[in-house]
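The values are calculated or read from the model by the stated rules, or taken from the named source; none is laboratory data. On a predicted model such as this, the values are computed, not experimentally measured, just so you know. No Cβ is skipped: glycine too gets one built from the backbone with ideal geometry, and neighbour counts run over all protein chains shown.
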Amino acid sequence: MRTDLLNRISSMSGFRKTLLLFGFVLLATAALVAVVKLDFSKPVQEEQIAITSLAILERISDQYFVVTKSIYIDQKSEIVVDTGSKWSNFFWGQTVKADGVIRVDVGVDMSQLTEKDIVVDQEAKTVRVDVPPADILNASQHGDIEVESQQGVLRYVLDNDPNEDHNRALEQLIAAAKESVRQDSQLFEDARDDATKLLRLIIEGTGYELMVGDADGE
């Protein structure tokens, strides 16, 4: 009995020694892996904080999307149809009335932005972007267009109606709607502010502060 007990204790002690040795090996391996990872991570971190005009331009190209302000205008126009014009001949010599809702989208298009429009100050941690002014990016028919003449009222439902009379009326309505929108300078300022807010989110993700400049250099 006593001999068996001593044998068990001796055997258990050896097993514990093996576990202890195995534990030291694992600990040393983990420490070595940590040192290697730390050493290799240093140049990667240095590359991540290298901010250049090109890097900012690529970031804007990847993350910026046009934020538009859409205005719906119930536009009415009177159109003098000259003889021999592209309108149908039964409109010739008449003054027709066109009526329809036109959607006008105002925003800032960054697609023409270049490296020259971006200045990075590494010491001050700032990025200056010369933001283009807001402009009308699109104008389209929204709903029906009605054209009233001496012959009655014609209704054009689709914005891709192949009828040339529809196209002439739509062109006139869009031109008038654009002119009306351009009279509202505050609308364009607000659209540019919205674009700037999005740019600020994109730039400040790099740890730099956005400084906004004008595309004309002011």
message: Given the criterion modelled with pLDDT under 90 and either charged (D, E, K, R) or out of contact with any Ser or Thr (no Cβ under 9 Å at 6 or more places or on another chain) (or both), identify the matching residue among Gln141, Gln112.
response: Gln112
query: Looking at (1) part of a loop (DSSP other than H, G, I, E, B); (2) over 20 Å from Ser70 (Cβ atoms), which is the only condition Asp130 fails?
result: (1)
query: Within segment 139-155, how many residues turn out to be in contact (Cβ under 8 Å) with a residue 60 or more places away in the chain, loosely packed, with under 15 Cβ neighbours inside 10 Å and either in contact with a Pro (Cβ under 8 Å, 6 or more places away or on another chain) or not in a loop (DSSP other than H, G, I, E, B) (or both)?
result: 0
Condition met for Lys86 (of a type in the set (Lys, Arg), farther than 18 Å from Asp214 by Cβ and modelled with pLDDT of 90 or more): no
- line: Selection over segment 92-124 where residues are part of a loop (DSSP other than H, G, I, E, B) and either not small (Gly, Ala, Ser) or not assigned by TED's automatic domain parsing to the domain that holds Thr196 (or both) yields a count of 10
task: Can you confirm whether segment 79-91 contains a residue that is at negative phi and in a strand (DSSP E or B)?
output: yes
query: exposed (fewer than 12 other Cβ atoms within 10 Å of the Cβ) and more than 26 Å from Asp190 (Cα to Cα) - does that describe any residue in segment 67-81?
result: yes
